[in-house]
Protein chains: 2
Amino acid sequence: MKLVIDTDPGIDDAYAILLAFKSLEVEVVGLTTVFGNVPTPLATRNALFLLEMAGRGDVPVAEGAHGQLDDGEEKRIAHWVHGEDGMGNTNPPEPQGSPCGKRAAEFIVEQANKLKGELNILALGPLTNLAEAVRLDPAIKDKVKRVLVLGGAFKTNGNVHPAAEANIYGDPLAADVVFSSGMEIYTVGLDATHLCVMPEGDINSLRDSMGEFGSFLHSISGFYIDFHFKVWGQRMMHPHDAIALVALLRPDLFEWREGAVCVATDGLCKGMTVMDYGGKKMAWGEQMEPEESGPRGVGLPGGGGSQYNQDEAVRLRV
Amino acid sequence: MKLVIDTDPGIDDAYAILLAFKSLEVEVVGLTTVFGNVPTPLATRNALFLLEMAGRGDVPVAEGAHGQLDDGEEKRIAHWVHGEDGMGNTNPPEPQGSPCGKRAAEFIVEQANKLKGELNILALGPLTNLAEAVRLDPAIKDKVKRVLVLGGAFKTNGNVHPAAEANIYGDPLAADVVFSSGMEIYTVGLDATHLCVMPEGDINSLRDSMGEFGSFLHSISGFYIDFHFKVWGQRMMHPHDAIALVALLRPDLFEWREGAVCVATDGLCKGMTVMDYGGKKMAWGEQMEPEESGPRGVGLPGGGGSQYNQDEAVRLRV
Ligand SMILES: [Ca+2]
Ligand SMILES: [Ca+2]
């Protein structure tokens, strides 16, 4: 499986990236970087560091957006979750390499064209780079094999506020662009990742396992576990990004629901992923009788704006 | 149980109102009317008609708001669900009585004061009248025993659009006012009512049952079943409003979750009920470290606006 990982490393990003190198079926063709857990330049630095630590300095890194789509705002850097350095304040050494010089979106489009339908994308941060790629080449929807998005909260609370999960909240407009792009998208949200608990004892076992990356992963996890303890009251962590990779490799381990998704870009629900589960043929307002509304297209208040468009094959984990 | 029913009759409202008269423990102290299934004057007319048909012309009817809180807009009259007359196009006779002359909110406040903590309110339409009552007398929160709201969609799609249920969508601001009022509120949303299916055969059995209201209820249900068939593909109905009365009388038949609720008043999620299930101590933005955020108060983007305030004891069915 040829894979680009779009990432904001990030402690759980590190788990996912290193797990990808330990997965025999995965060929990582590049990392692209984005803001979120850390600012983008630091994400790039950490991506290079992780590659070099894994002995994979040959894998290209393409730096991506420094802020959200259109307005460029860098909204929310989760330093209190991942540390000032994104690696749990362990101060990793400066990497030797440097990014490839292409912008992330450009790199993604290039790989999609080059790999002729064989490119998979694992999106582990805000979706700005993917949205830029969609705008750069809307035909990318037919060129990418599958996108696995880590993000959203469908039938559960978010983690930024009750309606929004952090990656989607990081760039709601970009997420809306991606979810309505027509790409083959699978999404793993908090509904799934909050069910996965990695107790501190398991992370200690990882350290003691003699595995290649066990000691390193243990070293960066203490800060992350401290955060989880503060907000959940348990010494454990949710390895969100690693779960997303597992979902890409082993979708059979998950239950999936199919439907259209829109993202709220402002108001109380800013960053919320709203999915139409498709049970009802909806009518809206007095102008639209049920018989007039198509079974798979639902108009929304205000008209002309966002649409819950069920025509696109968007598949999501809920 | 002393009960005011706030209602927009409405076919399922008729089920709930007549069921209340057949419930030995219920003493209906009045009906208040609101727009929703029908415009408010027609809701008043239908309320009077139903009382007289039930031989209970002694029960007062107080007409309520003709449009939503503050802007007075009458947004959405569901004639395609309940018929032009709200009674499935059966053209009920003109009632003899007339409303009591008090505005609904005024009547509710008056009853709350008079009944000294014994008043229950069953809210079967948009929450405009209750919100007006809260504004008229904010101390009503300590005077009303319990409010049972029929409305919202928590872990399921709405019925107006994927994020919003019709009663809440009918006046989102009023709903937000009510949910943050501090009243003892139980809410039955589509999560519960869409699980309750009354097949056409059961409604035919009701007609044949020799019960006092069976034939009437059957007569108004045909139109409603036709609507359900159009949008759900089955000849059945969801008796939403009657389920809400059952939940008030027999809360033990339901599972309840407790938490704070806010309502989105605009944007993609307009009319959405967002509940904080309380699992996480949340932090928002760079300014707020987890240790600084109180465990039960969560600030939202934009600040100074709506708050997910968990301090109020709001209980909801999800
Ligand atoms: Ca990440
Ligand atoms: Ca009603």
Discussion item. Quick check: the distance between the Cα centres of the stretch B:253-280 and the stretch B:167-235, to the nearest angstrom?
Written reply: 21 Å
Discussion item. Ordered shortest first, which distances in nm separate the 7 Å Cα→C-beta label point of B:GLU52 from those of the other copies?
Written reply: 8.8
Worksheet item: With every protein chain kept in the model, how would you rank B:GLU200, A:GLU73, A:GLU255 by accessible area, 1.4 Å probe, largest at the top?
Response: A:GLU255, A:GLU73, B:GLU200
Worksheet item: Based on the Kirkwood radius over alpha-carbon pairs, what value in µm²/s does the Stokes-Einstein equation return for the translational diffusion coefficient of the stretch A:101-232 at 10 °C and 1.306 mPa s?
Response: 95 µm²/s
Discussion item. Going 7 Å from Cα along the Cα-Cβ axis for the label, what nanometre distances separate B:PRO93 from the same residue across the other copies?
Written reply: 9.6
Item to complete: Evaluate 2.2 N^0.38 Å with N set to the residue count of the stretch B:167-289, then give the Cα radius of gyration divided by it.
Response: 1.39
Worksheet item: Once Lys and Arg get +1 and Asp and Glu get -1 on their Cβ, which of B:ILE108, B:THR187, B:GLY158 lies farthest toward the positive end of the dipole of the stretch B:99-210?
Response: B:ILE108
Item to complete: Would you check the accessible area of A:LYS22, probe 1.4 Å, heavy atoms only, in square angstrom rounded to 10?
Response: 110 Å²
Worksheet item: Using Cα atoms only, what is the angle between the long axis of helix B:11-21 and the major principal axis of chain B, expressed in degrees (0 to 90) to the nearest 10?
Response: 80 degrees
Worksheet item: Per residue of A:73-84, how many C-beta atoms from partner chains lie within 10 Å of its own C-beta, taken as a mean?
Response: 2
Worksheet item: Out of residues 5 or more away from B:LEU119 or on other chains, whose amide H comes under 5 Å of its own, with H placed 1.01 Å from N in the peptide plane?
Response: B:LYS145
Response to the item:
Probe 1.4 Å, heavy atoms of protein chains only: per residue, the accessible area of chain A in Å² is 37 Å²
Item to complete: Could you list which residues have their amide H under 5 Å from that of A:ILE185, counting only those 5 or more apart in sequence or on another chain, with H placed in the peptide plane?
Response: A:VAL147, A:ARG315
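Just to be sure I understand: if you take the accessible area of chain B alone plus chain A alone and subtract the pair, with a 1.4 Å probe, what total do you get in Å², rounded to 100? Each step should come with its number before you reach the end.
Working: alone 13680 and 13680 Å², together 23260 Å².
For B against A, buried area totals roughly 4100 Å².
Take the alpha carbon gyration tensor of the stretch B:1-72, find the square roots of its eigenvalues, order them as a ≥ b ≥ c, and report rounded if a/c is under 1.5; if not, report prolate when a/b exceeds b/c, else oblate.
Working: a/c = 2.03, a/b = 1.77, b/c = 1.15.
Here the stretch B:1-72 falls in the prolate category.
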Response to the item:
Kirkwood radius from Cα pairs of the stretch A:142-200 plugged into Stokes-Einstein at 20 °C, 1.002 mPa s, gives D in µm²/s equal to 174 µm²/s
Item to complete: Enumerate the lysines that A:LYS230 could reach by cross-link, defined here as Cα to Cα under 24 Å, with residues fewer than 8 away along the same chain left out.
Response: A:LYS75, A:LYS155, B:LYS280, B:LYS281
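About the Cα centre, and with charges only on the beta carbon of Lys, Arg (+1) and Asp, Glu (-1), how big is the dipole of the protein assembly as shown? Nearest 20 debye, please.
Charge dipole of the protein assembly as shown: 800 debye, to the nearest 20.
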Worksheet item: Sorted from shortest, what are the nm distances separating the label point of B:GLU258 from equivalent points in the other copies, each placed 7 Å from Cα along Cα to C-beta?
Response: 4.3
Worksheet entry | Equivalent-ellipsoid semi-axes of the stretch A:4-126, from the Cα gyration tensor, Å, largest first | 21, 18, 12
Practice prompt. For the stretch B:91-100, just list the computed ³J(HN,Hα) in residue order, Karplus coefficients 6.51, -1.76 and 1.60, θ = phi - 60°, integers in Hz, with x standing in for Gly and Pro.
Written response: 6, x, x, 5, x, 7, x, 9, x, 6
Item to complete: Mind jotting down the three principal axis lengths of the protein assembly as shown based on Cα atoms? Whole angstrom, largest first.
Response: 89, 47, 41
Item to complete: Note down the magnitude of the dipole of chain B about its Cα centre, charges +1 on Lys and Arg C-beta and -1 on Asp and Glu C-beta and zero elsewhere, to the nearest 20 debye.
Response: 420 debye
Worksheet, complete the sentence: Log10 I(q)/I(0) at q = 0.11 Å⁻¹ for chain A, from Debye over equal alpha-carbon scatterers, is -0.64
Worksheet item: Highest mean first, what order results for B:210-217, B:169-176 on Cβ atoms within 10 Å?
Response: B:169-176, B:210-217
Practice prompt. Please work out the C-alpha center-to-center distance from the stretch A:116-144 to the stretch A:1-67 and express it in whole Å.
Written response: 16 Å
Worksheet item: With Cβ to Cβ distances under 14 Å as the rule, what net charge do the other residues near B:ALA242 carry (K, R +1; D, E -1)?
Response: -2
Practice prompt. Could you please state how large a percent of the accessible area of chain A is carbon and sulfur, counting protein chains only and using a 1.4 Å probe?
Written response: 49 percent
Worksheet item: Hey, which aspartates and glutamates would be in cross-link range of A:LYS2, C-alpha to C-alpha under 12 Å, not counting anything within fewer than 8 residues on its own chain?
Response: A:GLU25, A:GLU27, A:GLU118
Worksheet item: Quick one: Karplus J couplings for the stretch A:248-257, per residue in order, coefficients 6.51, -1.76, 1.60, θ = phi - 60°, nearest Hz, x for Gly and Pro?
Response: 6, 7, 10, x, 5, 7, 10, 9, 10, 10
Item to complete: Please name which of A:VAL26, A:LEU253, A:GLN96 has its Cα lying farthest along the dipole of the protein assembly as shown towards the positive end, using unit charges on Cβ (Lys, Arg +1; Asp, Glu -1) and the Cα centre as origin.
Response: A:LEU253
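The values are calculated or read from the model by the stated rules, or taken from the named source; none is laboratory data. Worth saying up front: this structure is predicted, and the values here are computed from it rather than measured. For neighbour counting, all protein chains shown are included, and Cβ atoms are generated from backbone atoms with ideal geometry for every residue, glycine included. These area figures cover heavy atoms from the full protein model, side chains too; ligands, DNA and RNA do not enter into them. Shrake-Rupley method; radii C 1.70, N 1.55, O 1.52, S 1.80 Å.
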